[in-house]
1. Return the calculated 222 nm mean residue ellipticity for the chain, to the nearest 500 deg cm²/dmol, obtained by summing -39500 (n - 2.57) across DSSP H runs with n ≥ 4 and dividing by the residue count.
2. Need the C-alpha centroid separation for region 245-280 versus region 32-60, integer Å.
3. Going by the alpha-carbon gyration tensor, a ≥ b ≥ c the square roots of its eigenvalues, is the chain rounded (a/c under 1.5) or, if a/c is not under 1.5, prolate (a/b greater than b/c) versus oblate?
4. Among 58, 67, 212, determine the one that fluctuates most according to a GNM of the chain built with springs between C-alpha atoms less than 10 Å apart.
């Protein structure tokens, strides 16, 4: 395992300061720019999400993962052409290696589009979720959480726009009226070191921003200049990070950063609820015109031949889905798998 930058910690930002106006708001936006120009991750307080809903989301997730395996497999992702549902540990891949976590992927609750081979391939991603008959409370709880997390993510996105000295609504044309939303409830089982430590492999997120709720067990690590930075759970906070859409839109002034989760030790597990806000699948990511003093600090979009970035949102998102879930790709989308892309290992997980 690579060295961990034990002396480094993620900054903490208070979203209430964004609404304060005057010098307080200006200071907040300056701190947001600093966090974005550093590791691209920060703890968020003052977020306004109801604590009962947060606890309900964690509790219902625990109850789902405690179900008998047959009840969880009743909504197995491989049965969904839209990449929705349950995955056993080892069934999602990052950098070509299996991630040791079980999880449920829940997107926006929308009707599937008619199947048409002549249509853009990303149209196959839209469709209904799978919900467990054995736990009917999961659906209303997580859809309510998705709605509130979406509103929070949009507040954060508007703050990033202001930090870039753009109109706060500059991104609205590419996420309204139907943003790409994803909630993942995730359980990382504990395992011995000799069995491997990839809870989820090193990757970047593909959307606008990620809002991560952690329970009590650590494991999240963020890549820093001097090694991996631990991001342990902090009560009352979310961990927020930048996705690749913001990197492309800002020409790398905002940079999506690599992160991973290390498996917890035997006899423990790690629970988290991750929310990802993305643009509409039919949208294209614009290149913002930054003011000169910010444009001069833009580092350009990351050039990685193993993980090419596309401004066509649906194309970029479909790429990551096909590579992260090869079993779904083989069953439902064999015509979309080409030998060249199948060999690529570095992929965004989301």
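Derivation of every value follows stated rules applied to the coordinates shown; laboratory data play no part. Small disclaimer: the values here were computed from a predicted structure and weren't measured.
1. Per the formula, -8500 deg cm²/dmol.
2. Centre-to-centre distance over Cα atoms comes out at 12 Å.
3. Values: a/c = 1.38, a/b = 1.20, b/c = 1.15.
Verdict is rounded for the chain.
4. 67
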